[in-house]
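What follows is a set of notes on a single structure, which appears directly below.
What follows draws every value from the coordinates through simple rules; no lab data is involved. Because the structure is a prediction, the values reported are computed rather than measured. Methodologically, a virtual Cβ is constructed for each residue, glycine included, from the backbone with ideal geometry; neighbour enumeration extends over all protein chains shown.
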């Protein structure tokens, strides 16, 4: 089985963001900041940590006879013989692929490492009749995605500046 995971650059930046949020929360607790500030920071930190853990665990495997999607608390298996369609939707530089069966479906994006290879394997192992024209054309026109990476690194910079200011630094 060939396994594809979320891009390491994205995971690294998201992990760094999570670490900075935890450090900022601990610093606010140690410095006895107002409880409102601590609660707001905790409310921001929990979804970011959740997203990091979910993204770290997320993977798609292409086997000889099925597609397997592993997420944090669940695993979904779609046998090739049951797949009725593979469709693609492109929104700017983001690509979403939908794999459908009669009873189930799986949606994933181009946030996976080696996304082009993932699409190529699907095209190799599935009958041409179930693959949409958009999906077939995706190999030739695969967008290079970087908007999410820019946003995460921007969060790292902003959190670093906030942490610096919280430690008594001045801008």
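Quick check: residue separation of residue 154 and residue 12 times 0.36 nm, minus the Cα distance between them. What number comes out in nm?
49.8 nm
Rounded to the nearest 10 degrees, what's the angle between the helix 8-30 long axis and the longest principal axis of the chain, both from Cα atoms, 0 to 90?
Rounded to the nearest ten degrees, it is 30.
The list (i) 40, 17, 12; (ii) 31, 19, 16; (iii) 51, 16, 13 gives values of semi-axes √(5λ) of the Cα gyration tensor in Å, and only one came from this structure; which label was calculated from it?
Here semi-axes √(5λ) of the Cα gyration tensor in Å agrees with entry (i).
Where in region 1-30 does the amide nitrogen come within less than 17 Å of the point 7 Å from the Cα of residue 65, taken along Cα to Cβ?
Only 1-2 pass the distance filter.
Expressed as an acute angle from 0 to 90° and rounded to the nearest 10, what is the orientation of the C-alpha long axis of helix 35-57 relative to the principal long axis of the chain?
With both axes taken from Cα atoms, the answer is about 30 degrees.
Using the alpha-carbon atoms, what tilt in degrees (0 to 90, nearest 10) does helix 147-166 show relative to the longest principal axis of the chain?
The angle comes out at about 10 degrees.
With both bridge residues required to lie in the chain, what share of the DSSP beta bridges run antiparallel, to the nearest 5%?
95 percent
Give me the one-decimal nm value for the distance between modelled label points at residue 91 and residue 30, 7 Å along each residue's Cα-to-Cβ direction.
Reported label-point gap for residue 91 and residue 30 is 4.1 nm.
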